[in-house]
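Before any comments, here is the structure.
The values are calculated or read from the model by the stated rules, or taken from the named source; none is laboratory data. None of the values given here were measured: they were computed from a predicted structure. Neighbour counts run over all protein chains shown; Cβ positions are idealised from the backbone, glycine included. Surface accessibility is based on the protein's heavy atoms, side chains included, excluding ligands, DNA and RNA. Shrake-Rupley method; radii C 1.70, N 1.55, O 1.52, S 1.80 Å.
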Amino acid sequence: MKRHIIGVAIILSTALIGLAQPKGPTVTVKGEAVDLWCYMEGGDRGPAKKDCATACAKAGNPIGIVDAKGTVYLTAGLEDHQPSRDLLISKMDEQVTVTGTLVTKGGAKMLFVKSVN
């Protein structure tokens, strides 16, 4: 009986995790993929900083998108709660077009990335 209850609990937990999705509009943002530690600390960005930004992102630093107006979007993966690093690591300090779900809370903007071009 305990195995049956545990099995049902695992199935329900897995189903609920799969249903958890951010709530917000689908948007497309054009901008530069940046390592947020370096960008926020010293404004570092651009092709000359690509190797450094890639190394920092690989080390686990958060990745953001900075648009032409200077708006900073913190990024996360949308599908299966994947890290945005999986989607953006090859595009560090390059111009990208990102589509995903935008959530704004407490002045922060988080873009849950569905696709990158």
Accessible area, probe 1.4 Å, largest first, for residues Met110, Met92, Met40: Met40, Met110, Met92
Equivalent-ellipsoid semi-axes of the range 54-109, from the Cα gyration tensor, Å, largest first: 17, 15, 11
Selected from Leu87, Val113, Leu102, residue furthest toward positive end of dipole (the range 41-117; charges at beta carbon): Leu102
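For a 24 Å ceiling on Cα separation, which of these pairs sit above it: Lys30/Lys58; Lys91/Lys114; Lys23/Lys91; Lys58/Lys114; Lys50/Lys105; Lys23/Lys58? Write out the running numbers ahead of the final one.
On the way: Lys30/Lys58 22 Å; Lys91/Lys114 15 Å; Lys23/Lys91 26 Å; Lys58/Lys114 20 Å; Lys50/Lys105 30 Å; Lys23/Lys58 28 Å.
Long pairs (Cα-Cα over 24 Å): Lys23/Lys91; Lys50/Lys105; Lys23/Lys58.
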Straight-distance crosslink candidates among aspartates and glutamates, where the alpha carbon sits under 15 Å from Lys49 and sequence neighbours closer than 8 are dropped: Glu32, Asp35, Glu41, Asp93, Glu94
Solvent accessible area, Å² - Glu41, 1.4 Å probe, full protein context: 120
